Amino acid sequence: MPPSPICCWFWEGGAQEANAAIPDSERQTLIALYNSTNGAGWTDNSNWLEAPGTEDTWYGVACSSTGDNVTELSLDNNQLSGNIPTELGSLTALTNLDLNYNALYTADTSLKDFLESKPLGWENRQTIAPETVAVDSDSVSCASALISWTPISYTAGTGGYQVFYSETSDGPYTLFGTTADKSKSQLMVSGLIPETTYYFAVKTKTDPNNYNDNTVYSEYSVKEVSATTDNAVPGDIDNNKIIDLKDAILGLQLLSGMEPASTIYKETDLNGDKKIGMEEVIYILQHVSELRP
Ligand SMILES: [Ca+2]
Ligand SMILES: [Ca+2]
């Protein structure tokens, strides 16, 4: 196999030949891990990608005493994020592996088995995007929608789920809000515009804790979850598709400073002041009493 350009550049630059070098396949595996988990953004990536033979000086890497195999990868708590390359499973001399407190995932079952075979485990401390994100179709109003998901397995430590919305699937996404912790499985998004299609995506966030110095964010969940908000009929202030006395009562409760008995949608405003007030209540009463079409 021809040497990679980065390899040649270092050789031509006069890097010293190492006393013992790990096989090129192991070097390429380390480089694949760096590239696929945002190595440039790691908290510490000291010496990574330097010349062949220097691998045991790369942050978190240790090689056997003869220097010819990678035996240890200690990259916990280091802002690794993304898909773990399947090649990692080919580091057969690896005895110590610590990838905890990062944002790593894999769907490869044999790689999962390999990772699980190491003493420290890995999967239960990864801040990854939640799965099965969905919109509860019964919850969709002219201005809100209930978004749900399955909590990730790493629910320990403070943090939460950030729920985002966008009018196109590829974004940009706007943060609506964050749940109080990582055991929550839903959040009501409000303030949406009537008759508009929205896409929703969720990220997981873990705050720093005793074992983890960083705020760790997952990637976005799959960006294919969407809903179209209802229309807002002026005067139907509870957005249930009927204008009746209940709307008038809700409006009067609001006007008198009482807590309205159900959600009020200001999007059903009549006179353009973006508030539900006496004008709406009079309109509703006229409508109900057929004084007005
Ligand atoms: Ca109504
Ligand atoms: Ca109004």
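Here is how the numbers come out for the structure above:
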item	result
Unit charges on C-beta of K, R, D, E only; dipole of segment 138-225, Debye	200
Charge dipole magnitude, Cβ of K and R +1, D and E -1 - segment 5-125, Cα centre, debye nearest 20	260
Geometric extent, Cα atoms of segment 165-293 - Rg, Dmax (angstrom)	19.8, 68
Most positive-pole-ward Cα, Gly159, Ser169, Leu270, against dipole of the chain from beta carbon charges	Leu270
DSSP beta bridge pairing in the chain, given as percent antiparallel to the nearest 5	80
Descending Cα extents along the principal axes, the chain, whole Å	95, 36, 29
Whole-number D in µm² s⁻¹ for segment 5-125, Kirkwood Cα-pair radius fed into Stokes-Einstein, 37 °C, 0.692 mPa s	225
Overall Cα dimensions of segment 131-228, principal axis frame, Å, largest first	46, 25, 21
Positive-pole candidate from Thr132, Ala248, Ser36, dipole of the chain, charges at beta carbon	Ala248
Cα extents of segment 143-189 along the three principal axes, largest first (Å)	33, 20, 15
For segment 245-288, fraction of C-alpha pairs farther apart than 17 Å, in %	20
Cα centroid separation, segment 59-133 to segment 258-293 (Å)	59
Amide H contacts of Gly159 (H built 1.01 Å from N, under 5 Å, at least 5 apart or other chain)	Lys182, Asp207
Fraction of antiparallel bridges per DSSP, segment 10-152 only, in percent to nearest 5	50
Using θ = phi - 60° and Karplus 6.51 cos²θ - 1.76 cosθ + 1.60, couplings along segment 243-255 (whole Hz; Gly, Pro as x)	9, 9, 4, 4, 4, 5, 5, 4, x, 5, 4, 5, 5
Phi-based couplings in Hz for segment 190-206 (Karplus 6.51, -1.76, 1.60; Gly and Pro marked x)	10, x, 7, 8, x, 6, 10, 8, 10, 9, 10, 9, 10, 10, 9, 10, 10
Total charge dipole magnitude, the chain, about the Cα centre, Cβ charges on Lys, Arg, Asp, Glu only, Debye to nearest 20	540
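We did not get these values from a lab; they are worked out from the coordinates using the rules stated. Being a predicted model, the structure only gives us computed values, none of them experimental. So basically every Cβ, Gly included, is an ideal-geometry build from the backbone, and we count neighbours across all protein chains shown.
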